[in-house]
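A short write-up of the structure that comes next.
Nothing in this text is a laboratory measurement; each read-out follows from the coordinates by a stated rule. Quick caveat, the model's predicted, so the values are computed rather than measured. Note: ideal-geometry Cβ built from the backbone for every residue, glycine included; neighbour counts use all protein chains shown.
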Amino acid sequence: MFETIWFVIWGVAWAVYFMLDGFDLGLGTLFPFLAKDETEKRILVNAMGPFWDGNEVWLITAGGVTFAAFPRAYAIMFSGLYTPLMLLLFALILRGVAFEFRNKEDSRAWRATWDTCLVAGSFLPALLLGVAFANIFQGLPLDAAGLFHGNLFTLLNPYGLLGGVLFVVIFAVHGALWLATRTEGDLQARAGRMATSLWIVEAVVAVAFLAMTWFSTRLWQNVLAKPVLLVLPLLAVAGLLALRVFAAKGAWWKAWFASSALILGAVLFGVAGLFPNLLPSSLDPAASVTAFNAASSPLTLKIMLGVVLCFLPIVIGYQVWVYLTFRDTLTAESIRKGY
Amino acid sequence: MDVLALSRLQFAVATYFHFLFVPLTLGLSMLVAIMETLYVRSGDEDYKRMTKFWGKLFLINFAVGIVTGLTLEFQFGTNWSRYSAYVGDIFGSLLAIEATAAFFLESTFIAVWFFGWEKLSKKAHATAIWLVAIASNISAFWILVANAWMQHPTGFVMRNGRAELADFVAVITQRFAILEFIHTLGGAYLTAGFFVLGISAWHLIRKQETEFFRKSFRVAAVWTLVFALFEIAQGHMNAEILGKAQPTKLAAMEAHWETGRNVPMNLVAWPDAAHERNAVQGLAVPGGLSLMATYSTDGEVKGLKDYPVAERPPVLPVFLSFRAMVGLAFLFLAVGLWAFLKRHAITEQHRFLRVLPWLIPLPYLANELGWTIAELGRQPWIVYGLMKTSDAVSPISTGQVGTSLVAFFLVYALLGAVDFYLLFKFARKGPEAAPAAAK
């Protein structure tokens, strides 16, 4: 019972993380393609500025939930995926300081250096997390003792790589739409065009990924066994289509929310399809790490449920307040006046 | 080197480096919050400029503190997976509480504070920095409760081949955790105090923005004296609990070999672990160690010889770190006292002002020495008495850890160089010109 509740919390934490940090990772990836000059670069940075740090804490929370509720899964996942996680870590470190450092020195080379960190530090996490989750969906080479029989290249199989591309493209569209909601004029038009042209790639990759999921994983079988869960992939597909319709009308906020629905639907579909596995084993189904064989003690799960139910609503409350406070349109004028 | 040695080295690099930035975050956030409150209450523009100037330095420091903190959460899983699986029921929960109860608040409102000067009312804006300050201190609380549990595990049962939570309240209210928390905060606040004193002194010697830096100096002088006194008085309480909770650590800190009563404290010594004695020792305070550890000169203090060699920490580094840390603490008290007494006529204290900037690194050193005592003094245990460090390491390859270790050295060297360069640059540049002067 508590294990199942925590499995849901685990999945929702990841889904919310991807929905929120997704737009700033995507916008960071598109940075060199969207910003023409220093003023536009600063507009892009300011479109992420008040939010990215708080968004990233959802990743820490997703990791923390894994550690607290499923310590064995945390131990196996983090040690088994050692190299990709270290790459993710270094990417996030350089990205985080890039925001702070880039405007601290009046030099082109200085800014170019930190902008490179910002771009690489946005692109790599999207790619790595996509590769990691696709591999988790299809199963990791884990033995009964939880030892990972493979290396970084084990993860770079066709399905894993397609997952990586999917995350990068979804986040890029999500980020371009976010920029369109926050800007006006030429920059907004370019952001919108970027979103609609990338949308074609997004749709093709998403359909290919969903099709390949049928053959490479057991997600569809698990979801079809409980047809009510079909609402999740349907939400993703509806989001994908609605996104395009709203973008064509220039309704950017609606398009961004449709993109959010796509991300929530897609991630929760993957999580629901995994249940009860957290890390299915491709070597031996019995060696899979599940919500039940990896869970913390009932007392810990109960206390932590109290903590989460008490604090997460507060967190969501003030984060929504921050989004509402900083929702104004960013222009060359507002950039000159502020910061 | 093997995976264990490499992983320990990597943990040491990551933790020492992270803790170069954390204390200033904890202390300076409070000082900046106090400055902004003074501004809101008095309307004095100087306090607003102080908030902005010290706030800018705070942010430069804060960025590296945050990102290097990510490493620590990752490392328990990547390099210490057997530990994580063994104690995650308790330790993992504490880290998760830290994220939901404190880290969210801190990370969200630091951005509100930075971007919100024009968007929020004065009071709301000052509230944002208070939330950052309080959240970062609450964050420290949960992290230190988790560390204290490794030092002195309590409130658990051994079940299903791991440590499981039995009494949550015991874990978060144990005396060891509370003492560790306030001791760490004291050190952090001193770090911020010396930082502000030192940079203010640098400008006062050069007669730049004298009024501005005299005000900054006065705030920091009171602050530094209070926490220097606090840290020394409170440090004594730690000795007492160590005698009970971690006798091998206390014995190593004092290079104390033979269990006995009425044990003196040797102010000078050179431990010789191979021969289980001190090669030299002198300046003994009769009954000093007994008094410190038990509040009675006749109290019994366990010596290292009571424990198997395999269960003793490395004596020399722990002993030397402790001597150096305590020596620094008394220096801090002397400096704090002088700064406080002379705070109204500080511009005449030329020699003192010239020395102060050079003292900025010393609290940093004291903090790192403190962690050396805490972590090295706990060895060979990762969880004292429960799990050895050598049993905790992940089943990973030397190639993996070796590569990541090199990457840590490179990336951290770069971050450290850039961050300290920027701190120097903006500290020397001084505050923005006052609005009146600008006209």
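For the range B:67-205, the ratio of Cα radius of gyration to the globular rule of thumb 2.2 N^0.38 Å stands at 1.29.
Potential lengthening of the chain between residue B:206 and residue B:311 amounts to 32.3 nm, from the contour at 0.36 nm per residue minus the alpha-carbon distance. Modelled this way, with points 7 Å down the Cα-to-C-beta line, the labels at residue A:329 and residue A:147 are 6.2 nm from one another. Packing order of peptides B:357-366, A:173-182, highest average first: A:173-182, B:357-366 (average count of other Cβ atoms within 10 Å over each peptide's residues). Each of the peptides B:185-197, A:82-94 was scored by the mean count of other Cβ atoms within 10 Å over its residues; in descending order, highest first, they stand as B:185-197, A:82-94. If the protein assembly as shown were replaced by its equivalent ellipsoid, with semi-axes equal to the square roots of 5 times the Cα gyration tensor eigenvalues, what would those be, largest first, whole Å? They are 45, 36, 20 Å, listed from largest to smallest. On a C-alpha basis, how far is the centre of the range B:353-374 from the centre of the range B:1-56 in Å? Whole number, if you could? Taking the Cα centre of each part, the range B:353-374 and the range B:1-56 sit 14 Å apart. For the range B:334-339, 3J(HN,Hα) computed residue by residue from phi via the Karplus equation (6.51, -1.76, 1.60; θ = phi - 60°) reads 4, 5, x, 5, 5, 4 Hz, glycine and proline entered as x.
Only lysines eight or more places from residue B:119 in sequence, or on another chain, were considered; those with a Cα closer than 30 Å are A:36, A:41, A:104, A:254, A:337, B:48, B:52, B:56, B:215, B:425, B:429, B:439. Using the Cβ-Cβ distance between residue A:4 and residue A:33 with R0 = 45 Å, the FRET efficiency computed as 1/(1 + (r/R0)^6) comes to roughly 0.55. Among A:160, A:22, A:150, the largest mean-square fluctuation in a Gaussian network model of chain A (Cα springs under 10 Å) belongs to A:150.
Mean-square fluctuations from a GNM of chain A, with a 10 angstrom spring cutoff on Cα atoms, peak among A:141, A:233, A:71 at A:71. Here the translational diffusion coefficient of chain B follows from Stokes-Einstein with Rh set to the Kirkwood radius across Cα pairs; for 25 °C and 0.890 mPa s it amounts to 105 µm²/s.
Taking the Cα atoms of the range A:78-133, the ratio Rg/Rh between the radius of gyration and the Kirkwood radius comes to 1.10. Once the gyration tensor of the Cα atoms in the range A:2-330 is diagonalised, the equivalent ellipsoid follows with semi-axes of 33, 22, 20 Å, ordered largest first. Dividing the summed helix terms, -39500 (n - 2.57) for each DSSP H run of n ≥ 4, by the number of residues in chain A produces a 222 nm estimate of -27000 deg cm²/dmol to the nearest 500.
For chain B, the longest stretch holding no GluC sites (Glu not before Pro) located in a DSSP loop with at most 14 other Cβ atoms within 10 Å is which? With a cap of 14 other Cβ atoms within 10 Å, the longest stretch comes to B:259-431.
Within the listed set A:297, A:281, A:259, the residue fluctuating most in the Gaussian network model of chain A (springs between alpha-carbon atoms under 10 angstrom) is A:297. Averaged over the residues of peptide A:93-102, the number of Cβ atoms from other protein chains lying within 10 Å of each residue's Cβ is 6. One Cα centroid belongs to the range B:118-155, the other to the range B:207-283; the line between them spans 26 Å. According to the Kirkwood relation over distinct C-alpha pairs, the hydrodynamic radius of the range B:170-296 is 17.4 Å. Taking max minus min of the alpha-carbon positions on each principal axis, the range B:238-314 gives extents of 31, 27, 19 Å, largest first. Relative to one another, the C-alpha centroids of the range A:34-101 and the range A:253-331 are positioned 16 Å apart. Only Lys, Arg, Asp and Glu carry charge here, each on its Cβ (+1 for the first two, -1 for the last two); on that basis chain B has a dipole of about 1360 debye about its Cα centre. For the range B:353-421, the percent of C-alpha pairs falling in each 5 Å distance bin, counted from 0 to the bin holding the largest distance, reads 3, 12, 10, 14, 19, 18, 11, 7, 4, 2, 1.
The mean count of C-beta atoms from other chains within 10 Å of the C-beta of residues in A:82-91, rounded to a whole number, is 6. Assign one of three labels to the range A:209-311, namely rounded, prolate or oblate, based on the Cα gyration tensor with a ≥ b ≥ c the square roots of its eigenvalues; rounded applies when a/c is under 1.5, prolate when it is not and a/b is larger than b/c, and oblate otherwise. Since a/c reaches 1.5 but b/c is at least a/b, the shape of the range A:209-311 is classed as oblate.
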